[in-house]
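Here is the structure we will look at, set down as C-alpha cells.
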Amino acid sequence: MFELLVRLVNTYRSSEKNLIPKGYIYEVNFIKNKGIYSTKQLRFMPSHLKGESMRSLKLTDEGFTGLEAAIVLIAFVVVAAVFSYVVLGAGFFTTQKAQETVHTSVQQASSTVEIIGNIYGSASSAGQDINTIQFTLGLAPGGTPVDFDKVTMTFSSKNNLETLDAAGGSIPQTAATGKWAITVAHHQVTEDNSLQIGEQFDITATPTVPIPKDTQFSLEIKPSVGAAFTITRTTPPSIEKLNILY
C-alpha cells in the first residue's frame, strides 16, 4: 500500500512538474488510520528546507494576536476601574462622615441662643430680696430653631441650687415660684413654643428662694441641641422694685 502511494505521488509530481516553482519541492505527510494511508498535507516548500518540519501557524497557539492583547487590556482596565470606584467610594464615605462629625461637634459646642438687651431683677417692693428674673432671648447668628418645650433651666447661688420647671402651655405663660415661663413672644413666626429665626421670647424665672443683695447667681439655659448658655449676674447693694442686673 505504501509503495502504491509513493507511485501515486511520483505520478502527481510528473504530471504537475511544470507547476512546481523553481527552487521548491513537495513535502507529503502520510496518516495511517485503521490500516489505510492517506495524505495529510501536500504543499510546496523551499528546497533548502527539505527534511525539516513545516508546521502551519493555524495549528499552533504560539502567536499572541491583537484580539488577545485587547482582551487582556480590557480586563486590566475593568479591574482598575472597579478598584478605583471602591477606593473613591470609601474616601467619599469617610469624608461625609467626617463632615457630619464636624457639624455635629460645632452644634454641640456652640450656643444657639443669646441675650437681647438687659437682664432685670424684680422685687415685691424696694429693699426686699429679688424674687424674679426677666430677660429676652433670641437665636444666635447661625443658630438653629430651639424647642423651648425641651429647654431646662438651672438656678444656682451661694445659698441655693435648683432646676426650675417649665410652666408649659401656650404663650403667654405664667411663672409660678420654682418655675420659668415664656411671658411674651415677639415677631412670632409659628404658634408653638419653638424659637425661630427672627423671633424673640421674653423669659421670666422665679427661684424658690429670693436672691439677697450683693449676691452673685447663675442661670443655666440648656436647649436640647447645642451648648448650654449661662447667665451670671450680681444683685445690687440697694435693691429697688425693678433693677438692672450686671
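The values are calculated or read from the model by the stated rules, or taken from the named source; none is laboratory data. Predicted model only: the values in this text are computed from it and were never measured. Note that each Cβ is placed from the backbone with ideal geometry, even for glycine, and that neighbours are counted across all protein chains shown. With ligands, DNA and RNA removed, areas are computed over all heavy atoms of the protein, side chains included. Shrake-Rupley method; radii C 1.70, N 1.55, O 1.52, S 1.80 Å.
Compute the length gained on full extension between V72 and F93: take 0.36 nm times their separation in residues and subtract their Cα-Cα distance, giving the result in nm to one decimal.
Working it through step by step, the gained length comes to 4.4 nm.
Which order do peptides 71-78, 155-162 fall in by mean Cβ count within 10 Å, highest first? Let's see the in-between values first.
Numbers: 71-78: 10.2, 155-162: 14.8.
Packing order, densest peptide first, comes out as 155-162, 71-78.
Would you work out what percent of the accessible area of region 141-246, with all protein chains in place, is carbon or sulfur (probe 1.4 Å)? Let's see the in-between values first.
Values: 2850 of 5480 Å².
That share works out to 52 percent.
What is the spin-label model distance, in nm, from S125 to S238 if the labels are put 7 Å beyond Cα along the C-beta direction?
Modelled inter-label distance: 1.8 nm.
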